[in-house]
1. Can you find, among A:ALA76, A:CYS176, A:ALA147, the residue farthest towards the positive end of the dipole of chain A? Put +1 on the C-beta of Lys and Arg, -1 on that of Asp and Glu.
2. Just how large is the dipole of the protein assembly as shown about the Cα centre, in debye to the nearest 20, putting +1 at every Lys and Arg Cβ and -1 at every Asp and Glu Cβ?
3. Along Cα-to-Cβ, 7 Å out, sits the label point; list in nm, shortest first, how far the one on B:GLU139 is from those in the other copies.
4. Towards the positive end of the charge dipole of the protein assembly as shown, with charges on Cβ (+1 Lys, Arg; -1 Asp, Glu), say which of A:GLN57, A:TRP162, A:GLY215 has the farthest Cα.
5. Where nothing but the Cβ of Lys and Arg (+1) and of Asp and Glu (-1) is charged, how large is the charge dipole of the range A:1-122 around its Cα centre, in debye to the nearest 20?
6. Which pairs break 20 Å Cα to Cα here: A:LYS24/B:LYS52; A:LYS52/B:LYS52; A:LYS24/B:LYS37; A:LYS37/B:LYS52?
7. Rounding to the nearest 20 debye, state how big the charge dipole of chain B is about its Cα centre with +1 on each Lys and Arg Cβ and -1 on each Asp and Glu Cβ.
8. What range in chain B is the longest one free of GluC sites (Glu not before Pro) that are in a loop by DSSP and have at most 14 other Cβ atoms within 10 angstrom?
2 protein chains.
Amino acid sequence: MSAPPTTDTKTLILDAAEILFVEKGFEGASLRSVVAKADVNIAAVHYHFGSKESLIQAVLARRLEPINRERLERLAILRKDTPKGELQLEDVLRALFEPAFRMAGSGAPGSNDIVRLIGRIFSEPSHSLQLFLRDRFREVFDNFTSAFREILTDLPDLDFYWRIHFMLGAMCHTLCDRERPVLLSGGVCDVESQDEVLEQLVAFVAGGLRAQSTGKKRLS
Amino acid sequence: MSAPPTTDTKTLILDAAEILFVEKGFEGASLRSVVAKADVNIAAVHYHFGSKESLIQAVLARRLEPINRERLERLAILRKDTPKGELQLEDVLRALFEPAFRMAGSGAPGSNDIVRLIGRIFSEPSHSLQLFLRDRFREVFDNFTSAFREILTDLPDLDFYWRIHFMLGAMCHTLCDRERPVLLSGGVCDVESQDEVLEQLVAFVAGGLRAQSTGKKRLS
DNA sequence: GTCTATAGAACGATAGAC
DNA sequence: GTCTATCGTTCTATAGAC
């Protein structure tokens with residue numbers, strides 16, 4: 001309640017950069033376009049962040065940190081409230097997806113943009129960014145992979161890891177593009193409804209994860 | 001047999017641009033880096049392609065055209081060889097996926113790179129590129145959507161279109177990143193085996209498409 | 001912490017000779 | 001069809017005054 005209503009330069013820069021990175025990509029958006037939108041001086045970016053790459057990481061970290069923390073918290077709560085060996089696949093999927101998708105419906109400024117950015121980060125070609133993300137996601141990945149492994153006990157390792165990969169693909173693609181489902185479906189899909197997209201994604205991915213194994217490595 | 005063994009400038013530029021676009025992204029790769037790699041003059045790019053944007057479209061069109069043509073051919077053959085109403089989901093999925101994934105195993109120079117580029121195009125922020133792609137994919141999308149609709153007769157429209165979207169996400173993400181499955185699985189997944197990834201993807205997507213409807217719109 | 005000014009390099013694009 | 005030369009712009013980054 002005592003937080004000052006004025007927004008400091010650092011936040012102004014982060015907000016502007018976030019929107020422009022979504023619209024133009026990390027390479028396509030220049031620092032100059034960022035400071036123009038934020039209405040601050042170009043030198044302020046280097047003072048507060050040091051370089052464009054550090055700004056990119058700061059933009060991502062600001063959003064990813066609370067999302068990934070909530071994911072881990074929700075998984076921990078699930079584990080606490082569930083008897084050993086009775087984790088439900090759909091519950092774990094919701095714990096993983098919902099923190100990211102909910103942000104799009106939060107109404108916060110730029111919140112509808114940032115999910116698109118989060119969906120796109122895994123397909124960014126920059127090596128340094130990929131290393132940065134690997135660190136940021138390691139804990140979430142390890143914990144959720146363990147949970148899924150406990151549930152999908154009958155699945156061979158080969159099938160299991162491929163399907164984890166496909167699941168991430170469906171999630172990222174859906175975060176990334178909020179318009180295509182509406183266009184392709186002629187308006188049937190409602191991208192404004194976070195519950196709709198979440199439940200649809202959970203149903204699809206759960207079906208994919210539970211599909212019968214191809215069994216290629218089970219002939220031995 | 002009478003094709004000259006020398007590679008013309010236009011092809012040299014396309015080959016170099018393709019690889020650099022994969023490594024650095026469309027914005028991150030400059031025309032100057034392209035001509036340096038192709039060992040041609042900077043002016044040659046503008047002579048042959050007119051602009052960087054036209055070069056990007058030419059790079060994509062060269063690979064997408066044969067892939068999408070093969071997709072349509074395979075679907076047409078499937079329809080011809082299958083009695084009405086008996087199309088198999090897995091067969092249609094293979095007709096859609098295989099032409100793209102096979103390219104990675106073709107051994108042709110740069111073929112392992114271009115699939116990553118194809119996987120990434122849908123998450124590119126450029127509006128003009130999205131319009132270009134919409135045109136290039138319309139026929140494939142319409143034909144395959146019809147085929148899927150004939151097979152998944154029990155699925156409400158809402159679920160159907162969402163799942164088409166999720167399917168594209170799993171496909172693009174898998175094309176895009178040829179390394180992550182190997183890393184995440186500790187070497188269990190073999191990204192060199194095109195058959196393995198194809199069959200795994202078909203099994204996952206088929207399971208997702210066939211999952212029970214969430215039924216939210218079936219209460220009426 | 002914010003500003004002006006500018007360095008120093010890279011960018012896409014073009015003109016015109018050959 | 002390919003070249004050199006260069007235009008005009010934009011880029012990231014920094015130095016130094018306030």
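1. After comparing all options, I get A:ALA147.
2. It comes to approximately 200 debye.
3. Its label point is 5.2 nm from the equivalent points in the other copies.
4. About the Cα centre, the residue reaching furthest to the positive side is A:GLN57.
5. It works out to roughly 140 debye.
6. A:LYS52/B:LYS52; A:LYS24/B:LYS37; A:LYS37/B:LYS52
7. 600 debye
8. That gives B:87-178 as the longest site-free run.
Every number here is computed from the coordinates shown, using simple stated rules; none is lab data. These figures come from a predicted structure and were not determined experimentally. Neighbour counts run over all protein chains shown; Cβ positions are idealised from the backbone, glycine included.
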